[in-house]
Amino acid sequence: MQALIKQLLAELGEDPTREGLVNTPKRVEKALKFLTSGYDANIDEVLNGALFTVDYNEMVIVKDVDFYSLCEHHLLPFFGKCHVAYIPTTKVIGLSKIPRLVDVFSRRLQVQERLTNQIANTILDTIQPLGVAVVMEATHLCMSMRGVEKQNSVAVTSAMLGTFRSNPKTRSEFLELIKLRATSVRETSASVDFACIND
Ligand SMILES: [Zn+2]
């Protein structure tokens, strides 16, 4: 990987041997390996020991989870807040594991829509709740740095499963509780285009 990065620096018109860049290939490799370390994570291991049987069927919400991911179209960061809710049947996930789950899927090359769906579907498969909702609000550097959209534009994606899909009251209760900065929410499953402009 380091040889490729050195070559990339040269292709960009840089001198890879100058002082400031001489260790850059090593650093970039290390950074990229960390930023894509989610591929190696085992979801069962991540959640193992943190599933609890409860007699509770009200909405569980974990909001404002920071996440950082890399857009697969441009290899540039997109980052923001993730909000997760579910209504348990018999099992809950330890609260600290929700941010960990978000990290596992964020540390891959991603599109925001797929990331949102993967988090929601994993919770659905793991604890079979009555419903799961995931909303992600993100700034995409591939858009803001290139001036594709206004600097402050935030892409919002959501995955609503089970009761969050079928019951508008449950859904709006959740949306009210997380108080989105953005006004409109994109339904990921119905969308064919991407938050990150595909060019
Ligand atoms: Zn992009």
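The values are calculated or read from the model by the stated rules, or taken from the named source; none is laboratory data. Here the structure is a predicted model, which means the values were calculated and not measured. Ideal geometry is used to build each Cβ from the backbone, glycine not excepted, and the neighbour counts take in all protein chains shown. What goes into the accessible areas is simple: the full protein's heavy atoms, side chains included, and nothing from ligands, DNA or RNA. Shrake-Rupley method; radii C 1.70, N 1.55, O 1.52, S 1.80 Å.
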- Message: Suppose we filter segment 1-12 for residues that are out of contact with any helix residue (DSSP H, G or I) (no Cβ under 6 Å at 6 or more places or on another chain) and open to solvent by 70 Å² or more (accessible area, probe 1.4 Å); how many remain?
- Response: 6
- Query: What number of residues in segment 123-152 are part of a loop (DSSP other than H, G, I, E, B) and more than 13 Å from the ligand (Cβ to nearest atom)?
  - Reply: 7
- For residue 110, which of the numbered conditions (1) among the polar types (S, T, N, Q); (2) away from the ligand (no atom under 16 Å from the Cβ); (3) within 13 Å of the chain's Cα centre (by Cα) fails to hold? (2)
- Note on the structure: Sole miss for residue 191 among (1) closer than 23 Å to residue 33 by Cα; (2) modelled with pLDDT under 95 is condition (1)
- Task: Might you let me know whether segment 40-50 holds any residue that is in contact (Cβ under 8 Å) with a residue 60 or more places away in the chain, assigned to a loop (DSSP other than H, G, I, E, B), within 20 Å of residue 118 (Cα to Cα) and within 16 Å of the ligand (Cβ to nearest atom)?
- Result: no
- Note on the structure: Only one of (1) surrounded by 20 or more Cβ atoms within 10 Å (Cβ to Cβ); (2) touching a Cys at 6+ places or on another chain (Cβ under 9 Å) does not apply to residue 141, and that is (1)
- Query: When you look at residue 157, is it of a type in the set (Ser, Thr, Tyr), within 15 Å of the ligand (Cβ to nearest atom) and surrounded by fewer than 19 Cβ atoms within 10 Å (Cβ to Cβ), yes or no?
  - Reply: no
- Tell me, yes or no, whether segment 16-34 has at least one residue that is within 16 Å of the ligand (Cβ to nearest atom), touching a residue at least 40 places away in the same chain (Cβ under 8 Å) and within 24 Å of residue 136 (Cα to Cα). no
- Query: When the residues of segment 70-84 are filtered to those that are within 17 Å of residue 117 (Cα to Cα) and open to solvent by 50 Å² or more (accessible area, probe 1.4 Å), which remaining residue is farthest from the ligand (Cβ to nearest atom)?
  - Reply: 81
- Item | Selection count where residues are closer than 15 Å to residue 79 by Cα and open to solvent by less than 50 Å² (accessible area, probe 1.4 Å), scope segment 91-118 | 13
- Query: Can you name the number of the only condition in (1) open to solvent by 10 Å² or more (accessible area, probe 1.4 Å); (2) within 14 Å of residue 162 (Cα to Cα) that residue 147 fails?
  - Reply: (2)
- Item | Condition met for residue 67 (within 16 Å of the ligand (Cβ to nearest atom), modelled with pLDDT of 95 or more, within 15 Å of residue 138 (Cβ to Cβ) and open to solvent by 50 Å² or more (accessible area, probe 1.4 Å)) | no
